[in-house]
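S.K.: Structure provided below as C-alpha cells; questions to follow.
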Amino acid sequence: MSDGQKAVWDRLWSREVSYQWDSLSQSIFETICESVGEVKGKRVLEAGSGTGKVSLHLAMEGAHVTLVDYSEKALENSRTAFRQANCEGSFVLSDIRRMHALNNQYDLTWNAGVLEHFTFDEKVTILKEMARVTKPGGTIVIMTPYSKCLPYRIGKAFAERQGTWMYGVEQPVLTLKDEFAHSGITFLDERDIGFVNSLDFLDFIPSSHVIKNLILEWYEGLPDADKSLFPGYLLVSKGIAAG
C-alpha cells in the first residue's frame, strides 16, 4: 500500500466517526460468531481495525480483543470508544504486513474491508502474518467487497468517474483461494453477505433514492431461495491456520 493510500485513511479517521451500531456491523459480527462459536473468552485480533466498532462489540461480549492499525488516529478513536463503553482492549500501532504481535496467540484473526486495497503479493504477506499470530487450528476470516455485487460496483464506478470516491485504490475480490493457498492457510469456504448494504453505494448517484427504495422493497419480498441469486456486498473467506 502506498503512502498516498495511507493518507486516505488518515484523512477519513480524522473526521467524526460514528460508533452507532448498524446492519452491516451486525452482519459482520454474526459472521464472526458463526465462524468461531461462543466469543466469550476467545482471543481475537483485528488486522487493520479502522474504527474498531465490531471489535468493541466483541469485547462487550467477553472476547479479549487486539486491534492493529497503522493509523494512530484510527486507534485513538478506538481507544476513546472502548473507554466510553468501559471495555478493555489492546491497541497496536503497526503495519499489518509486519505486525508487532507474537506467534500463535489468537483463536481468531480477522478483518473486513482491508485486503482489497493491496496487491496479490501484499495480500499473501498479510495472510501469512495473520496465520503467524493465530494459534494452530485457529480461524482466519477475511471480508472483502465482492466483485459480483452489482449495486456496489455501479455506485463505486459512478463515484470514481465523478471524483467523489473517498476510499482510494480498491479492487473488489472474486475469490481469495489462491492467496490462501500461497500463504499456507487451509481454505474452508467462501460465501457472500450484505446485499441490502450494497444498495447504500447507490447513494453516490444523485436522485437514486427512488430506484434504491424500489429495489429494496422488491428484494425484501423475495423468498430466501431467490434472494441468494443476488450476491451481497462482502465476500467472506474462511480458513484455518496450519498446525
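S.K.: Of the labelled options (1) 23; (2) 8; (3) 14, which one gives percent of Cα pairs over 34 Å apart as computed for this structure?
M.R.: The value matching this structure is (3).
S.K.: Right, next: Take the alpha-carbon centre of the range 124-153, take the same for the range 173-207, and report the distance between them in whole Å.
M.R.: Centre-to-centre distance over Cα atoms comes out at 9 Å.
S.K.: Okay, next question. Do you know the relative contact order of the range 1-122, to the nearest whole percent, from alpha carbon pairs under 8 angstrom that are 6+ apart?
M.R.: Result for the range 1-122 is 28 percent.
S.K.: Here is a follow-up. Would you please give the residues with an amide H less than 5 Å from that of VAL92, counting only those at least 5 places away or on a separate chain, with H modeled from the backbone geometry?
M.R.: The answer is LEU67, VAL68, ASP69.
S.K.: Going by Cα centres, the range 38-67 and the range 96-111 are how many Å apart?
M.R.: Centre-to-centre (Cα) distance: 13 Å.
S.K.: Something else now. How would you order 134-145, 194-205 from highest to lowest mean count of nearby Cβ atoms within 10 Å?
M.R.: The peptides rank, most packed first, as 134-145, 194-205.
S.K.: Please report, in debye to the nearest 20, how large the charge dipole of the chain is about its Cα centre when each Lys and Arg carries +1 at its beta carbon and each Asp and Glu carries -1 there.
M.R.: The calculation lands at about 420 debye.
S.K.: Please report the antiparallel percentage of DSSP beta bridges with both residues in the range 65-207, rounded to the nearest 5.
M.R.: Here the share of antiparallel DSSP bridges comes out near 0 percent.
S.K.: How high is the relative contact order of the range 120-243, in percent, counting Cα pairs under 8 Å that sit 6 or more residues apart?
M.R.: Computed value for the range 120-243: 46 percent relative contact order.
S.K.: Step through the table entries LYS42/LYS128; LYS156/LYS227; LYS53/LYS123; LYS148/LYS212; LYS135/LYS177; LYS40/LYS177, compare each Cα-Cα distance with 25 Å, and write down the pairs that go over it.
M.R.: Over 25 Å apart, Cα to Cα: LYS40/LYS177.
S.K.: If contacts are Cα pairs under 8 angstrom and at least 6 residues apart, what is the relative contact order of the chain in percent?
M.R.: 20 percent
S.K.: Also, I was wondering about something else. What fraction of the DSSP beta bridges in the chain is antiparallel, stated in percent and rounded to the nearest 5?
M.R.: 40 percent
Read the figures in this text as sums done on the coordinates, not as results from a lab. Computed from a prediction, not measured in an experiment: that's the story for all the values here. Methodologically, a virtual Cβ is constructed for each residue, glycine included, from the backbone with ideal geometry; neighbour enumeration extends over all protein chains shown.
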